[in-house]
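Take a look at the structure set out below.
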Amino acid sequence: MSLEKKINDDMKEAMKARDKNKLEALRGIKSALLLEKTGKDQAAGEIPEEIEVKLLQKQLKQRKESAEVYKAQGRDDLADYEMFQASIIESYLPEQMSEEELRGIVEDIIKETGAESMKDMGKVMGAATKKLGGKADNKAIAAIVKEKLGA
């Protein structure tokens, strides 16, 4: 089932349940999907799965950053709301890898690319992002790469 269809079905369920907060989060996702679908880079039709994942990751990151800002300003009510929205978005992302699995894959990528120092970080990050495709947070990947390459 496509992400768009799943979002539409979940929106109907949220409407029936009168879950205003979940409905708002789902509408935000649907809006982003529609913008992507009708954007200049996209031909009419389905959005590739990797683009859907990137879109969801971007929205998740925005929500988490907003929550941090609200928390710093002492607005816990708004921070909690943003984190709720982030949890809804997160439920549509692929399951995240454990740190152990991530470390193993990053080590393999470092060996494959022949990276030896921080100068090679871009090469490693590019390969890791392509290989992991939304299964791990880029911040976590970058932290492990820096650790392994001796930052």
- line: Cα-Cα longer than 28 Å, checked against Lys6/Lys130; Lys6/Lys148; Lys30/Lys139; Lys37/Lys148; Lys5/Lys146, kept in input order, equals Lys6/Lys148; Lys37/Lys148; Lys5/Lys146
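At 222 nm, what value in deg cm²/dmol follows for the chain if DSSP H runs of at least 4 each add -39500 (n - 2.57) and the sum is divided by all its residues, to the nearest 500?
Values: 7 runs with 111 residues, N = 151.
Theoretical 222 nm ellipticity from helices: -24500 deg cm²/dmol.
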query: What distance in nm separates the simple spin-label points at Lys131 and Phe84, each placed 7 Å from Cα in the Cβ direction?
result: 4.0 nm
message: How far apart, in nanometres, would the label points at Lys30 and Glu65 be if each is projected 7 angstrom from Cα along the Cα-to-Cβ direction?
response: 2.6 nm
Answer label for Rg/Rh (Cα atoms, Kirkwood Rh) (calculated), chosen among [x] 1.18; [y] 0.97; [z] 1.04: [z]
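Around Lys5, what is the net charge, scoring Lys/Arg as +1 and Asp/Glu as -1 over all other residues with Cβ under 14 Å from its Cβ?
Values: positive: Lys6, Lys12, Lys30, Lys37; negative: Glu4, Asp9, Asp10, Glu13, Glu46, Glu49, Glu52.
My count for the surroundings of Lys5 gives -3.
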message: So if each residue of separation counts as 0.36 nm, and I subtract the Cα-Cα distance between Ala143 and Thr113, what length gain in nm does that give?
response: 9.0 nm
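What ranking of Glu65, Glu36, Glu95, Glu52 emerges when the number of other C-beta atoms within 10 Å of each C-beta is taken as an exposure proxy, fewest first? List each step's numbers first, then the result.
On the way: Glu65 12, Glu36 15, Glu95 7, Glu52 21.
Least crowded to most crowded, the residues run Glu95, Glu65, Glu36, Glu52.
As a footprinting exposure proxy, order Glu50, Glu4 by other Cβ within 10 Å, with the fewest listed first. Spell out each step's value before the answer.
Working: Glu50 11, Glu4 16.
By the 10 Å Cβ count, ascending: Glu50, Glu4.
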- prompt: For the residues Arg75, Arg63, what sequence is obtained by ranking on other C-beta atoms within 10 Å, fewest first?
  reply: Arg75, Arg63
task: With r as the distance between the Cβ atoms of Glu100 and Asp120 and R0 = 22 Å, compute the FRET efficiency 1/(1 + (r/R0)^6) and round to 0.05.
output: 0.40
- line: Within the under-13-Å Cβ sphere about Phe84, not counting Phe84, Lys/Arg +1 and Asp/Glu -1 give a net charge of -3
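Coordinate-derived values only; no laboratory data. All values reported here derive from a predicted model rather than from experimental measurement. Counting neighbours? That spans all protein chains shown, and the Cβs are built from the backbone with ideal geometry, glycine included.
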